[in-house]
Amino acid sequence: MMEALSKLAYLLAAVMFIYGLKRLSSPATARSGNWIAALGMGVAIVATLIFHPQYEWQYIAIGAVIGSLAGGILAKTVKMTGMPEMVALLNGFGGGASALVAGAEFWKYLNAGEGIPLNFGVAIQLSVLVGAVTFSGSLVAFGKLRELITGRAVTYPMQKTVNAILLLVTVGLIVYLVAVPDHVPAFLVLMGLSLLLGVLSVIPIGGADMPVVISLLNSYSGIAAAMTGFVINNEGLIISGALVGASGLILTNIMCKAMNRSLANVLFGAFGSHVQEIGPGGATGEKSYRSLTHQDAATMLAYARQVVIAPGYGLAVSQAQHEVRELADMLEARGVTVKYAIHPVAGRMPGHMNVLLAEADVPYDELYDMDQINPEFPHTDVSVVVGANDVVNPAARHDKSSPLYGMPILDVDKAHHTIVMKRSMRPGFAGVDNELFYLPNSSMLFGDAKDSFKKLIEEVKQL
Amino acid sequence: MLVELVTLFVIFVLAMFVGFEVITKVPPTLHTPLMSGSNAISGITIIGALIIAGAKDNRISSLLGLVAVAFAMINVVGGFLVTDRMLHMFKRKPEEPTK
């Protein structure tokens with residue numbers, strides 16, 4: 001009876017998660033959707049505490065208090081520009097929790113001395129593998145995004161071979177543990193190798209490919225939870241984990257498509273690890289580009305009919321979102337139509353730019369996806385590129401020799417005029433020189449984006 | 001035992017399909033809140049953590065369970081709160097003066 005009731009409660013929780021996610025299909029209903037999902041989690045937690053006999057309350061209490069405090073403080077203090085790291089970190093904790101539960105179950109069976117049933121054995125090992133990979137991989141992603149470690153792709157000789165051998169050994173261990181489920185040293189080695197695998201598989205992935213990695217780790221954290229569901233024989237975990245797994249896979253797929261690269265290429269390609277070699281580096285001196293003053297740029301913007309702003313990671317780095325909004329407001333007050341063009345992989349995680357601009361109170365109906373905004377560029381007077389590079393490189397459309405070839409881009413070059421705000425002529429993440437900078441209708445506006453926007457605001461005021 | 005496992009697997013596969021259906025409808029604007037929100041949902045592993053931390057099995061299991069509860073709780077509380085903070089910022093263009 002108790003078990004039936006708890007199963008019903010978990011079903012209710014799962015339904016609330018699905019309904020909550022469904023409400024995320026519109027910004028207007030999304031906030032309530034999130035609370036419905038949170039409430040679902042509350043239902044699941046309360047049901048667990050009621051329907052499962054609890055003996056050791058102190059362990060639960062200590063863990064819950066520490067976790068809630070840490071999570072609450074993190075959520076309240078994180079800056080919007082720090083959101084990619086935050087998501088990576090939370091992913092890691094989710095994966096870590098799943099691996100720990102599987103580990104604890106392993107010890108429980110071991111201690112009871114009754115041997116581990118085959119189906120639970122497989123689930124425990126998979127749960128440890130996926131959970132530990134998620135944990136260490138997310139921590140590495142966190143370090144990269146925080147720039148605690150280099151954001152570039154880290155490569156070493158025989159990298160793929162080493163990773164492949166590691167993966168094979170891990171799979172071998174799992175097979176071995178299925179046959180001999182209570183072999184403690186093998187289990188510990190499996191845990192260690194899984195952690196190592198997480199580190200080594202994220203290290204060769206460079207900064208601009210982070211949207212894919214974060215989405216994939218997001219998916220893993222769901223799969224890990226679902227695996228844990230198989231371990232403890234709980235449908236609630238399986239359904240919820242599968243939902244998250246599906247969500248992460250969809251995002252991963254969208255991100256890969258937006259870069260016109262396969263998942264395998266992102267994971268193993270070590271894209272962007274050698275800038276100088278691919279980029280024509282010194283060749284920039286030979287081609288000529290125009291740079292313009294803030295005054296000229298301000299005039300151009302103030303007398304335009306339509307301005308489209310294309311932000312990239314540089315916007316997040318210089319935290320210029322509030323200044324962008326202020327300038328846009330002034331332009332709109334003068335009768336200029338201002339729109340924002342958002343490339344799916346702009347920034348370091350899916351939707352990164354949208355969150356930053358939302359923080360600056362930019363209404364979400366002024367933000368346009370790539371497919372919506374591209375037809376608008378030919379009748380846009382000025383397009384403004386803020387700290388974006390590879391996602392606006394026209395070479396992606398026609399230069400078959402470019403590593404970017406085939407990647408869908410924002411057609412900013414089709415506007416009557418393009419202003420590129422950038423700190424220097426350095427190539428973007430892909431290490432490819434951007435031919436946009438040398439087009440006759442492009443002008444460079446050098447400097448930090450935030451400073452540049454402040455100057456533009458001052459100039460527009462004087463017009 | 002095998003039937004039990006397969007039943008769970010059936011649930012897993014069907015739930016994946018539900019996930020695909022629901023989540024393809026989320027617009028790109030909300031992709032970050034989707035990630036942090038779904039991430040919080042993956043904290044459902046808290047159920048497993050609570051059961052193992054509370055059960056009177058042995059000290060090692062309970063200690064691992066304690067850490068798992070803390071980790072999962074960070075995931076759950078942090079995830080839902082930060083998602084709410086983000087979603088709170090998404091505003092429509094003020095057409096009629098609301099404030």
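Computed from the coordinates by the stated procedures, all read-outs in this text should not be read as laboratory data. Just so you know, these numbers come straight off a predicted model, no measurement behind them. All Cβ positions, glycine included, derive from the backbone under ideal geometry; neighbour counts span all protein chains shown.
In the structure shown, the pairs A:Lys461/B:Lys91; A:Lys400/A:Lys450; A:Lys76/A:Lys450; A:Lys339/A:Lys461 are assessed against 28 Å; a Cα-Cα span above that value is assigned to A:Lys400/A:Lys450. Candidate cross-link partners of A:Lys79 among the lysines, defined by an alpha-carbon separation under 16 Å and a same-chain spacing of 8 or more, are absent.
Rounded to the nearest 10 degrees, the inclination of helix B:79-89 to the longest alpha-carbon principal axis of chain B is 0 degrees. In chain A the longest region clear of GluC sites (Glu not before Pro) that are loop-assigned by DSSP and have at most 15 other C-beta atoms within 10 Å covers A:287-463.
What the Cβ-Cβ distance of B:Leu63 and B:Leu2 gives, at R0 = 30 Å and to the nearest 0.05, is a FRET efficiency of 0.35. Between A:Glu114 and A:Ile149, what's the calculated FRET efficiency when r is the beta-carbon distance and R0 is 25 Å? Round to 0.05. In this case the efficiency is close to 0.05.
How many Cβ atoms of partner chains, on average, are near each residue of A:111-118 if near means within 10 Å of its Cβ?
Numbers: counts 5, 3, 0, 0, 0, 0, 3, 3.
Per residue, the average neighbour count from other chains is 2.
If you count the DSSP beta bridges with both ends in the protein assembly as shown, what percent of them are antiparallel, to the nearest 5? The answer is about 0 percent antiparallel. Set the Cα radius of gyration of the protein assembly as shown against 2.2 N^0.38 Å, with N its number of residues, and you get 1.02.
Taking the longest Cα principal axis of chain A as reference, the axis of helix A:2-22 is set at about 10 degrees. Report summary: the helix-based calculation at 222 nm, which adds -39500 (n - 2.57) for every DSSP H run with n ≥ 4 and divides by the residues of chain B, gives -22500 deg cm²/dmol. Enumerate the residues in segment A:363-403 having an amide nitrogen under 12 Å from the point lying 7 Å beyond the Cα of A:Lys257 toward its Cβ. It comes to A:371, nothing else. Within straight-line reach of A:Lys7, meaning a Cα separation under 16 Å, sit the following aspartates and glutamates at least 8 residues removed in sequence or on another chain: A:Glu235, B:Glu4.
Count Lys and Arg as plus one, Asp and Glu as minus one, and take only other residues whose Cβ is under 11 Å from that of A:Ala13; the net charge is then 0.
With a 10 Å Cβ neighbour count serving as the proxy for reagent exposure, in which order, fewest first, do A:Met259, B:Met89 appear? Don't skip to the end; give the middle numbers.
Values: A:Met259 25, B:Met89 20.
Arranged by neighbour count, lowest to highest, A:Met259, B:Met89 become B:Met89, A:Met259.
Given R₀ = 35 Å, FRET efficiency for B:Lys91-A:Ile73 by Cβ-Cβ distance, to 0.05?
Values: r = 26 Å, r/R0 = 0.75.
It comes to 0.85.
In plain terms, the residue of A:Trp35, A:Trp57 with the fewest other Cβ atoms within 10 Å comes first and the most crowded comes last, giving A:Trp57, A:Trp35. Footprinting exposure proxy ranking of A:Lys22, B:Lys91, fewest other C-beta atoms within 10 angstrom first, gives B:Lys91, A:Lys22. The mean number of Cβ atoms from other chains found within 10 Å of a Cβ in peptide A:49-59 is 5, as a whole number.
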